[in-house]
Amino acid sequence: MISRTRIHRRIANAWLHWGAIRKHLSGHARPCSRSCKEVTEIDGMSNLSGTVFILVNDAMPRFVRLEFTSGDDAAAKIAKTNKSALPVPFRLYFAAEVADWKALERSLRFLFSKHYDADDQAYLTINPDLLRAAIEPSVINAIELSDKELGISPQKRAQMDQLRAANEDLNMQALNAKPGTILYFANEPSISCTALGNGLVQLDGKSLTPVQAAQVAMRKIGFDWEEIAGSDYWIKLSAQAQTSHVPNGSAVHVETIMPEKPIVPNDADDSPVMVIRNKKL
């Protein structure tokens, strides 16, 4: 057992180390020759605002199109994209004005590099809500565009909605959720609904579509989003997880199945040991 004297010695050594590091850094610090305002004006940071928008197409499930523009021509760009040979137009999932679209694009490419399509970098295979959650801290203003601005006719909108509903039904069928099956919200397993067997679920005593139920669940965790990938969030848990009410992949579950091991000192002397290139100092 470590004595109080040794604990105090470690704390004192930590403060000495911190003081030495601060002294070292202060000797190498350079005063800024320009104010933040001057840097912004000279480097042109104020000219980097732009628009980011997420598009999805119900004829291409699991694919997301992500685009940026430095102007206010997002509607024209989307309308042009919607003239493609796809069966239905793209649906605007989310659009917003951001302060620095180049920095945001760079960050998103870093965060989601594994999700970008190898053949066309405008597409990702990802839940679009993950992109939106990553974008929102950079948002200045959310942008809403009408179907007319995006070149979507009422007939095409009806086809889009029909295809989307069919995709949601297929996702629910893939769960093989029989009536009475408990489905858990993937991002917060304490929220659950019950499958009704007719493509609907029951949540808080109401019969809802999976998308509507997901919207309710998202609001409970602080995201008031109208457009979400609804059926992607509802999952069934394994029998073991249902017994413990903890998802198998959670850290809590890992803690419950791992035996607790006592912490034993390596050496009789508990003084700090440094290892550099496999050499103990």
query: How long is the gain from residue 235 to residue 125 if the chain were fully straight, where each residue apart is worth 0.36 nm and the alpha carbon distance is subtracted?
result: 37.7 nm
- request: Report the label-to-label distance for residue 220 and residue 198 in nanometres (one decimal), using points 7 Å from each Cα along the Cα→Cβ vector.
  value: 2.3 nm
task: For segment 78-204, please report how many Lys pairs fall under 19 Å Cα to Cα, leaving out neighbours fewer than 8 apart on the same chain.
output: 5
query: What's the extension gain from residue 153 to residue 99 if we count 0.36 nm per residue and subtract their Cα-Cα distance?
result: 16.2 nm
query: For residue 72 and residue 144 in one chain, what is 0.36 nm times their gap in residues minus the Cα-Cα distance, to one decimal in nm?
result: 24.7 nm
task: Starting from the Cα gyration tensor of segment 83-158, take the square roots of the eigenvalues, sort them a ≥ b ≥ c, and report rounded, prolate or oblate (rounded when a/c is under 1.5, otherwise prolate if a/b is larger than b/c, else oblate).
output: oblate
query: Using the beta-carbon distance between residue 109 and residue 62 and R0 = 22 Å, what value does 1/(1 + (r/R0)^6) give for FRET efficiency, to the nearest 0.05?
result: 0.70
- prompt: Where the Cα atoms of segment 82-217 are projected onto their three principal axes, how long is each span, largest first, in whole Å?
  reply: 48, 37, 31
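A short reminder: the numbers here are calculations on the coordinates, not readings from a lab. All values reported here derive from a predicted model rather than from experimental measurement. A quick note on method: Cβ atoms are made from the backbone with ideal geometry, for glycine too, and the neighbour counts reach across all protein chains shown.
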